[in-house]
1. Please work out which residue is modelled with the lowest pLDDT, limiting yourself to the range 275-315 and to residues that are out of contact with any strand residue (DSSP E or B) (no Cβ under 6 Å at 6 or more places or on another chain) and on the phi > 0 side of the Ramachandran plot.
2. Quick check on the range 141-153: of everything there that is outside any loop (DSSP other than H, G, I, E, B) and modelled with pLDDT of 85 or more, which residue is nearest to residue 327 (Cα to Cα)?
3. Search the range 13-44 for residues being over 37 Å from the mean Cα position of the chain (by Cα) and exposed (fewer than 13 other Cβ atoms within 10 Å of the Cβ), and hand back the single one that is modelled with the highest pLDDT.
4. Hey, among the residues in the range 217-244 that are in contact (Cβ under 8 Å) with a residue 12 or more places away in the chain and in a loop (DSSP other than H, G, I, E, B), which one's nearest to residue 180 (Cα to Cα)?
5. Just one of the numbered conditions (1) modelled with pLDDT of 90 or more; (2) under 26 Å from residue 309 (Cα atoms) is not true of residue 156; which one?
6. I'm checking my understanding of the structure. Among residues of the range 192-204 that are buried (at least 17 other Cβ atoms within 10 Å of the Cβ), touching a residue at least 12 places away in the same chain (Cβ under 8 Å) and out of contact with any helix residue (DSSP H, G or I) (no Cβ under 6 Å at 6 or more places or on another chain), which one is farthest from residue 231 (Cα to Cα)?
């Protein structure tokens, strides 16, 4: 028991006992998230040992947080994955912090990874179509659990990723159109450096080759996964004398761009052009006509990504550094047999 009239212990006494700065002790007492768990435990022990009275203040241990970073916050694809991440996080008692992978003022992805390492987060989930080798190496070396969604590359490194069966998705879309009787099929892919974009294009080529189709080299285009880039690419394809009777887009956003290009040329889908999207986001069912699209289990991808971050944070061994979920084709009203005037 302390001596009568002895001065009450102060927060400075707590800081000195715990071997931390006064600022760190203050952060812990006020429930700030940027205090390491081990440091917080030392401060709690110092409070008990010194007899410091918290009064109305109590050390609040915040929920663990995972950062979700994406190139474009307006992407239906990213928002569907975020929905899955958020639902899984609610069940696990984890907070989600959402931001852009390359915010204003940040020049390199390596800067982003270094910031994440200092953030006090449990881990991070990243969706980006632009990642340099240096950024990839920074992720591989980071001690923070980081999971990539549909990364640009999957190699022998320790980078962990979640995606889907993109090759099968590209092939199933092509086989559907071939089964309807199409022979002039064009493919608008994502960026050439993207692993998922290349896999979808390879699935397209495989189906075309198996059916004995000769695909002109310029019937395969690689561009961004967005509306405007696909609209521009489709406009060129649809103005050809030997224009395609069907187009496969590598995202639903791209498919919407193809629809706009067709509209500007007074072409109706599917009467004059059959169209297949990819991802099967809400955009696909809202389109006019509703899009046939390759379904990716985007919410499940988000859930798996979150659980994988948790496993890494807990030090658990993963069965695989790359996890793939199954795709399937959802047939709606944007595909039909080619009309007589469009038959080859």
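1. Among them, the one singled out is 315.
2. 149
3. By that ranking, first place goes to 19.
4. For the range 217-244, the residue satisfying everything is 244.
5. (1)
6. 195
Here's the yes/no breakdown for (1) loosely packed, with under 13 Cβ neighbours inside 10 Å; (2) modelled with pLDDT of 90 or more:
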site	(1), (2)
56	yes, no
87	no, yes
100	no, no
106	no, no
114	no, no
117	no, no
129	no, no
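The values are calculated or read from the model by the stated rules, or taken from the named source; none is laboratory data. Being a predicted model, the structure only gives us computed values, none of them experimental. Note that each Cβ is placed from the backbone with ideal geometry, even for glycine, and that neighbours are counted across all protein chains shown.
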